[in-house]
Amino acid sequence: MTLTVALGLLLGLGAVLIVSPFAWPTSGVAREPSVGRVGMLRQRLAQAGLHSVSVTALATVSLVGGLAVAALTFAIVPVGVIALIAGLAALALPVAIVQWRAHARRRAASVLWPDIVDHLVSAVRSGLALPDGVALLAHTGPAPTREAFAEFERDYRATGNFGIAVDALKMRLADPVADRILETLRMSREVGGSELTTVLRNLASYLRQEAAIRSEIEARKSWVMNAARLGVAAPWIILLLLATRPEAAAAYNTAGGVLLIVGGLLVTAIAYRLMLALGRIPEEHRWFV
């Protein structure tokens, strides 16, 4: 009896802890600006370099791809629940690709920002004005970022307003490190001061150290993540192979078969999300949006 009461209390405490962040949100803590799911997806498209792709176009491609894959899977494997799961996976695939591409570009850009800061320091020390120093990166900066800085140069030449051109550049780069650099330049231009080169040098040193540490951590965890992904995918590959047999397809089309597949899907989803949560490296948020 005592053990039953203790387990009940423990279960209740766990439920309260799960609900507490939503029922009693913490106040007075700095948070990333809320941009909503659509705004976040737009940011991910920008970070992936897909500025010309709209959220509507991405949703359309996802829907058409999901329906096509579901129909094709059902034609090959005549099991309704498997076709539905395949369609849902294909529905989420374009968003997953955008997320992966955005993460890959941010990881590649992490080694470029210190060089960009060094270019800015050289431009400031040579006596160039801040707008001209930033515009110079369209010709002397790393190749992957030159197009964005060329757009900044055109915007600044057209408007003559450094703030507006910087805001447009932040939207194109869509990177928290770029936000910090550009906001530092904006503050220096608006407020003034003689410590800009020192601040930029310290920032470049910090960015190099952070990139080196993050690269080492990602290298150590990559083989664990790949092995875990293989462990998640292997049962479903075997299931697809078994379902191509008529007798197996007939068994999976029963209520028990559907329950088995749905239960396996829930376990797989929970395990995969837990794997991602345990292996996730915290990413810097964009605070200057």
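Structure notes:
- Residue list for the stretch 111-134, restricted to those being open to solvent by 40 Å² or more (accessible area, probe 1.4 Å), farther than 19 Å from E151 by Cβ and not aliphatic (A, V, I, L, M): D115, D118, S122, R125, S126, G127
- Scanning the stretch 135-149 for residues that are of a type in the set (A, V, I, L, M) and open to solvent by less than 20 Å² (accessible area, probe 1.4 Å) turns up A135, L137, A138, A148.
- Taking first residues from the stretch 259-273 that are under 16 Å from I238 (Cα atoms) and acidic (D, E) and partners that are open to solvent by 100 Å² or more (accessible area, probe 1.4 Å) and at pLDDT 85 or above, no Cβ contact under 6 Å between residues at least 6 apart in sequence or on separate chains turns up.
- Pairs linking a residue in the stretch 48-75 that is on the phi > 0 side of the Ramachandran plot to a residue that is open to solvent by 60 Å² or more (accessible area, probe 1.4 Å), with Cβ atoms under 8 Å and 6 or more positions apart or on different chains, are G49/R101; G49/R105.
- Just one of the listed residues (R172, R157, R146) is touching a helix residue (DSSP H, G or I) at 6+ places or on another chain (Cβ under 6 Å) and at pLDDT 85 or above, and it is R146.
- Complete set of residues in the stretch 245-271 that are open to solvent by 70 Å² or more (accessible area, probe 1.4 Å) and more than 16 Å from L84 (Cα to Cα): R245, P246, E247, V267, I270
- Among the residues of the stretch 176-209, those identified as charged (D, E, K, R) and modelled with pLDDT of 80 or more are D179, R180, E183, R186, R201, R208.
- Residue in the stretch 93-110 that is surrounded by the fewest Cβ atoms within 10 Å (Cβ to Cβ), counting only those that are in contact with a helix residue (DSSP H, G or I) (Cβ under 8 Å, 6 or more places away or on another chain) and of a type in the set (V, I, T): V95
- Restricting the stretch 191-216 to residues that are touching a residue at least 24 places away in the same chain (Cβ under 8 Å) and of a type in the set (D, E, K, R) leaves a set whose member that is most open to solvent (accessible area, probe 1.4 Å) is R201.
- Put simply, of A248, A233 the only residue that is under 23 Å from the mean Cα position of the chain (by Cα) and more than 28 Å from R180 (Cα to Cα) is A233.
- Count of residues meeting criterion [open to solvent by 100 Å² or more (accessible area, probe 1.4 Å) and either closer than 25 Å to D115 by Cβ or not hydrophobic (A, V, I, L, M, F, W, C) (or both)] in the stretch 217-228: 1
- Being among the β-branched types (V, I, T) and open to solvent by 50 Å² or more (accessible area, probe 1.4 Å) is not true of I85.
- Where helices (runs of 4 or more DSSP H) fall entirely within the stretch 106-214, those with at least 1 residues that are out of contact with any strand residue (DSSP E or B) (no Cβ under 9 Å at 6 or more places or on another chain) and more than 25 Å from Q43 (Cβ to Cβ) are at 113-125, 130-140, 143-159, 176-191.
- Residue that is farthest from L276 (Cα to Cα), among those in the stretch 230-244 that are touching a residue at least 12 places away in the same chain (Cβ under 8 Å) and open to solvent by 70 Å² or more (accessible area, probe 1.4 Å): T244
The values are calculated or read from the model by the stated rules, or taken from the named source; none is laboratory data. Predicted model, so just to flag it, every value in this text is computed and none were measured. Every residue, glycine among them, receives a Cβ derived from its backbone with ideal geometry; neighbour counts consider all protein chains shown. Surface accessibility is based on the protein's heavy atoms, side chains included, excluding ligands, DNA and RNA. Shrake-Rupley method; radii C 1.70, N 1.55, O 1.52, S 1.80 Å.
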